[in-house]
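**Student:** Pasting a structure here, questions to come.
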Amino acid sequence: MKRLFTLTAIVLAASCMYAQGVDYVISGTAPKGSTMAYYWVNANSSQRDSVAVNGDKFEIKGNLPLNAFITLATDKGQVVTVLNDRTPLTVNLNNGTVTGSPKNVQFGDFQKQQTKNGKKSKELYEDWKEASQQETIENLTKKKTLEKQMAALDKKNADDIKTFCQNNADNALPAYLLNQNFYYFDYNELKQLCDAGTAYYSHPLMARPKEQLNALAKRRPGLKFTDLTLHDMNGKAMKLSRWAGRGNYVLVDFWASWCGPCRQEMPNVVNAYKRYHKARGFQVVGVSLDTKADSWHKAVRELGMAWPQLSDLKGWKSAAAKAYGVTYIPSNVLLDPNGKIVAADLGGENLTAKLKEIFGY
């Protein structure tokens, strides 16, 4: 599932595992016609520099902490990240190939596959947006097919990253991948990956995955729901406990009008509500991270959201986001009839399957 984050961008570079600096040399090939190759690293502050490409060749060298990550990019859009492990490296930015240490060769190959997956994911999403322009039967069928394909690709990416991290627990490479991709994992998965016994656990790039783990801990299965007082669309103060813990399953759905992935996911929530609300008492409570009431109200109408809506119009500073550790949207929490958390971040086929498991159809 695509998600939007509290930060508009994630720093692509990394930091040091050890304070001692070591020399590095990276030579490479860049696409002809590119004028510069950029590279940067990030410790306590971001460092960026550039080097001229002579013909199609470039070289960078300097002194950086051992296990720092260095990201190289061209003005044509090619990007490759490498690990400073004392080994001279050669990077071909035309095709993403890295030669040098076995770790960096493996990491380069993995990035190439992830880049292919990313392009495929973007293509699927663009096709989905095009099919959303007109609600015909043909387009509805196409959208469902595309949603399944996107979900399958997301699962493959998550599985590949998990396997890579498990197979490289003795080095720093997983720190970079988890820093960039922590949102793929639920509480139990991320807890397993944030293992203090791994070589990468203390790497500074693990700060974000650890923060996310702490956030997910606020909505892990088995916890009692945290009550909230927000305002409905009429400006009336309402408590979440008006619905939660009162004998029915409740999906607390975090979203915003400006969130494209939320709009993509909303038809699944609408279908679930229609299927189980009247028949089984299933309730949805929308929690918007909007800041403008007009945009919030308009989106509710456009998306056919017939369930209760709450917001404090504080965006990412919402009390609800803080209480439930929400750092990206769409996000949700499924509560059982007693108000205990059953699951979190159920989207697409996962939401459908979970509700089918609960209600039997």
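**Student:** Note down all Cβ pairs under 8 Å where the first residue falls in segment 117-144 and is of a type in the set (Asp, Glu), the second is buried (at least 16 other Cβ atoms within 10 Å of the Cβ), and they're at least six residues apart or on different chains.
**Tutor:** From residues that are of a type in the set (Asp, Glu), the pairs are Asp127/Lys142; Asp127/Leu146.
**Student:** Pairs, please: C-beta under 6 Å, at least 6 apart or cross-chain, first residue of a type in the set (Ser, Thr, Tyr) and in segment 285-308, second surrounded by 19 or more Cβ atoms within 10 Å (Cβ to Cβ) and part of a strand (DSSP E or B)?
**Tutor:** Sorted first by the residue in segment 285-308, then by its partner, the pairs are Ser288/Ser311.
**Student:** Same structure, new question: Check every one of the strands (runs of 3 or more DSSP E) wholly within segment 239-344 and list those with 1 or more residues that are surrounded by fewer than 21 Cβ atoms within 10 Å (Cβ to Cβ), modelled with pLDDT of 95 or more and not acidic (Asp, Glu).
**Tutor:** Correct list: 283-288, 341-344.
**Student:** Can you tell which of Thr163, Thr115, Thr136, Thr97 is β-branched (Val, Ile, Thr) and buried (at least 16 other Cβ atoms within 10 Å of the Cβ)?
**Tutor:** Checking each option against the conditions leaves just Thr97.
**Student:** Of these, Ala131, Ala172, Ala151, which one is surrounded by 14 or more Cβ atoms within 10 Å (Cβ to Cβ), in contact with a His (Cβ under 7 Å, 6 or more places away or on another chain) and not β-branched (Val, Ile, Thr)?
**Tutor:** Exactly one residue qualifies, and that residue is Ala172.
**Student:** Applying the selection to segment 175-188, what residues are surrounded by fewer than 24 Cβ atoms within 10 Å (Cβ to Cβ) and free of Cβ contacts under 8 Å to residues at least 60 places away in the same chain?
**Tutor:** The answer is Asn181, Tyr184, Phe185, Asn188.
**Student:** Read through the list (1) assigned to a helix (DSSP H, G or I); (2) farther than 21 Å from Ala152 by Cβ, then give the number of the only condition that Ala353 fails.
**Tutor:** (2)
The values are calculated or read from the model by the stated rules, or taken from the named source; none is laboratory data. Everything quoted here is computed from the prediction, not taken from an experiment. Please note: Cβ atoms are built from the backbone with ideal geometry, for glycine as well, and neighbour counts cover all protein chains shown.
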